[in-house]
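Note sheet for the following structure.
The values are calculated or read from the model by the stated rules, or taken from the named source; none is laboratory data. Because the structure is predicted, anything quoted here is derived from the model rather than measured. Here the Cβ positions follow ideal geometry from the backbone for every residue, glycine too, while neighbour counts run over all protein chains shown.
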Amino acid sequence: MITLAIAGKPNCGKSTFFRAATLAHAEVANYPFTTIDANHGVAYVRTACPCREMEVPCTQCRDGVRFIPIGLIDVAGLVPEAHKGRGLGNQFLDNLRQANAILHVVDASGSTDAEGNPVDIGSHDPAEDIEFLRYEMTMWVYGILDKHWPKLQRQAQQRDFSLLLAIVDVFAGLGVTLEDVKAAEASIDADLRMAGEEDLIRFCGHLVNHSKPMEIVANKADQAPPAFLDSLKAYGAIFASAASELALRMAAEGEFIRYIPGDAHFSVNPDAPLTAAQRAGLEKVAEYMQQLGGTGVQQAIDRAAFDLLDMIVVYPVEDEHKLMDGQGRVLPDAFLMKRGSTPHDLAYQVHTDIGEGFLYAIDARKNMRIKENHELVHGDIIKIVSVRK
Ligand SMILES: Nc1nc2c(ncn2[C@@H]2O[C@H](COP(=O)(O)OP(=O)(O)O)[C@@H](O)[C@H]2O)c(=O)[nH]1
Ligand SMILES: [Mg+2]
């Protein structure tokens, strides 16, 4: 399962985003509401279920909208100089180990200063907060590399010793791969063996970029000055209102409204016993959503999975005609897989035994046999034929 970490300075809305994204009522997803602990939960990526176009009776989605679970971590608030152990710096950095990508939440309303203390709306430029997280992560990684550097260099002078592999080893716990290290080395345009402090810091910056891709979430967009939103947009930020999403999911849970996370609209149930204040609150949310096409929370998660991490969704089935599993469930599973994955990879994801006994696969849409090295595409429905069950 992929995991996203929600990071940022205090009071930008991380916990609100986390609560909203992990609040999935039974109607929305066929998974029990799962909290692993206070800061680890299950959120969902939204995609169009293929049942509609395939015209099969599916019970795994709602109105053709399919949700696939991912892990979400609400990371402790980070303050400048965290890499020196300020604030909850080390706890923060430890949380990042487990994440495939980072949602960097910034307060687009400018109502928190650089340290996360509340200030008047519009008085702190959120663009200033974007670089700091990257910097803290870079310096943290550098701190670790620097500690190991003399030993690594000594070892690198021996023959047949790969400095790059040794670096992978140092950061194994962070999920850094040899590919990440190679890409980072290529980016600095300097021989790592001869690198000085400045080069090493640059190297660490690239290492962070490659191993922990980051998306900027411009939160509190509901009360953000337009100028701030404009400048955040230049950083590719996605606008969001976590507070609005939380209100909608709670209202939907109470059956006051009809809303599927990620929808651009919601509708109020005619007989919902809402107070005038609640109605007014929902109207404000509706206005904001109309401007931005939704609250942005689901969109931020989807973008992280599909764009940042380049995943696709694939549906394994046992019966390629009825699109069912052995128990007669239609389109029972939806797997997030890295783009470029093959039927053989899918077989392994279903079960190690199935992967080991893999013979061939059938593309259920085309009713065609496909090879084990065929590249799967988003929305594929695949039957695996394996000597093992
Ligand atoms: N207007 C507005 N306020 C928000 C939004 N998200 C969070 N807040 C408020 O910002 C404050 C800090 O939120 P919290 O989630 O605890 O921030 P954290 O410290 O980053 O976890 C709370 O008062 C929230 O209600 C939002 O999208 N819009
Ligand atoms: Mg919090």
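Taking the conditions exactly as written (surrounded by fewer than 15 Cβ atoms within 10 Å (Cβ to Cβ) and closer than 19 Å to Y235 by Cβ), does E136 satisfy them or not?
So E136 does not fit the description; no.
With respect to E131, is the statement that it is surrounded by fewer than 19 Cβ atoms within 10 Å (Cβ to Cβ), within 15 Å of ligand 1 (Cβ to nearest atom) and charged (D, E, K, R) true?
Answer is no for this residue.
Please state which of the following conditions T138 fails to meet, knowing it meets all the rest: (1) touching a His at 6+ places or on another chain (Cβ under 9 Å); (2) on the phi > 0 side of the Ramachandran plot.
With (1) touching a His at 6+ places or on another chain (Cβ under 9 Å); (2) on the phi > 0 side of the Ramachandran plot applied to T138, the lone miss is (2).
Taking the stated definitions as given, is M194 farther than 20 Å from F18 by Cβ and loosely packed, with under 14 Cβ neighbours inside 10 Å?
yes
Residues in region 149-186 that are more than 28 Å from the chain's Cα centre (by Cα) and closer than 26 Å to I102 by Cα: how many?
Number of matching residues: 1.
At least 3 residues that are farther than 28 Å from N209 by Cβ in each: list the helices (runs of 4 or more DSSP H) lying fully within region 282-389 that qualify.
343-350, 352-356
Would you point out the residue of region 318-336, among those that are buried (at least 18 other Cβ atoms within 10 Å of the Cβ) and under 26 Å from the mean Cα position of the chain (by Cα), that is nearest to C51 (Cα to Cα)?
The qualifying residue nearest to C51 (Cα to Cα) is L331.
If you scan region 65-86, which residues turn out to be under 22 Å from the mean Cα position of the chain (by Cα) and away from ligand 2 (no atom under 16 Å from the Cβ)?
Result: V65, R66, F67, I68, P69, I70, G71.
Those residues that are more than 15 Å from ligand 1 (Cβ to nearest atom), in contact with a helix residue (DSSP H, G or I) (Cβ under 7 Å, 6 or more places away or on another chain) and in a strand (DSSP E or B), I need them from region 63-80; list them, please.
I70
For L232, all conditions in the list (1) within 30 Å of G64 (Cβ to Cβ); (2) modelled with pLDDT of 95 or more hold save one; what is the number of the exception?
L232 satisfies every listed condition except (1).
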